[in-house]
Amino acid sequence: MDNPLKTDLDHILEHTQGLWDELRGQRLFITGGTGFFGSWLMESLAWANDKLGLNARAVVLTRDPGAFARKAPHLVNHPAISIHIGDVRDFAFPEGQFSHAIHAATDVNARSDAEHRLLTFDTIVEGARRFMEFAAHAGAKKALLASSGAVYGRQPPDMPRMPEDYTGGPEPADPRSAYGEGKRAAETLSALYAGQHGVALKIARGFAFVGPYLPLDTHVAVGNFIRDGLRGGPILVNGDGAAYRSYLYAADLAVWLWTILLRGESSRPYNVGSEQEISIGALARAVAKACQPGAEVCIAQQVMPGVTPERYVPDTRHALSGLGLRTWIPLDEAIQRTIRWHRQSGSAAP
């Protein structure tokens, strides 16, 4: 049976021409292979391996191989992919040398209780430490750290797009900053290990995304909207819908991540995301139009007069000018592709 992601995977190959030769015959290690980033990295690596005859191999760390097998059996059974069971904080090192290592593991669970915040911070920081210890041990030449735009803290409302050289940050005494502060610490820790052990560290600061494998039951607004739309509506917006976000499609995300790993400057963070901003209210209406024409959009709160809307939109000029990256797939099409995939997979059934 044809891969339902064939169009997306061919898109990735089209925009990564010339990159894959570096991976011929190489071994890669990937954490977070069952997550959104990891799933797309493995899908695209397996596709490139088959189409280009790379003879590359990937060892993927997961805590739950059974869940992974249920989610993506074609990847678990792919000859280029093998599973390594363990927790990112203390996994046993797989044997042998690895040329490239990718740390895509993260924890963005929507729970906000104090115990989970401590676990989130510890998992991010100790996971990064263990990953970099492994990269050094395995002789990896290049490593990619999947970080987050959360490292910047709250975006000033008068700043249209967040640049990499913005020196703000989360409020360190606020427990809600556990994720952003954890990512900040992980970047520093990884840079220290990279400098000490001669690993070329690449940093990708992700913003917001949409696409197949996006979970529909977490705090990600576009995922929640698609879930509501697939169930016939109404599409619920918990706030006032005035905040601005931007969403990069998953296939473009994969192009960006592979390009940053293989061509990006060492120790230079790159913002990863779209600059095509949209309000949350407009996003909900766009999902309704694509998913369930006529579906009701319910916005819980009124917009407060005189209040400047929050923003979470990256400045990606370094990725665009330095690496030739761009947003190829516009948001409307990205939403349509995501809806189509969820309908085909049945992952959003009531």
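What follows is calculated from the coordinates using simple rules that are stated; it is not laboratory data. All values reported here derive from a predicted model rather than from experimental measurement. Using ideal geometry, Cβ is built from the backbone for each residue, glycine included, and neighbour counts are taken over all protein chains shown.
Quick notes on this one:
- Matching residues in the stretch 172-189 - criterion: being more than 16 Å from Gly149 (Cβ to Cβ) and free of Cβ contacts under 8 Å to residues at least 40 places away in the same chain: Pro172, Ala173, Asp174, Thr188
- Among the residues of the stretch 164-173, those identified as in contact with a helix residue (DSSP H, G or I) (Cβ under 9 Å, 6 or more places away or on another chain) and either of a type in the set (D, E, K, R) or not in a loop (DSSP other than H, G, I, E, B) (or both) are Glu164, Glu171.
- Scope the stretch 248-287; condition buried (at least 24 other Cβ atoms within 10 Å of the Cβ), over 12 Å from Leu144 (Cβ atoms) and touching a Leu at 6+ places or on another chain (Cβ under 6 Å); matching residues: Gly273, Ser274
- Only listed residue being hydrophobic (A, V, I, L, M, F, W, C), more than 22 Å from the chain's Cα centre (by Cα) and not in a loop (DSSP other than H, G, I, E, B), chosen from Ala136, Ala128, Ala146: Ala136
- Close pairs from the stretch 199-220: first over 18 Å from Gly281 (Cα atoms), partner acidic (Asp, Glu) and surrounded by 23 or more Cβ atoms within 10 Å (Cβ to Cβ), Cβ under 9 Å, at least 6 apart: Gly211/Asp8; Gly211/Asp252; Pro212/Asp8; Pro212/Glu43; Tyr213/Glu43
- Of everything in the stretch 323-339 that is in contact with a helix residue (DSSP H, G or I) (Cβ under 9 Å, 6 or more places away or on another chain) and part of a loop (DSSP other than H, G, I, E, B), the residue that is surrounded by the most Cβ atoms within 10 Å (Cβ to Cβ) is Leu325.
- Leading residue by the ranking (farthest from Gly324 (Cα to Cα)) among those in the stretch 238-289 that are assigned to a strand (DSSP E or B) and among the polar types (S, T, N, Q): Ser279
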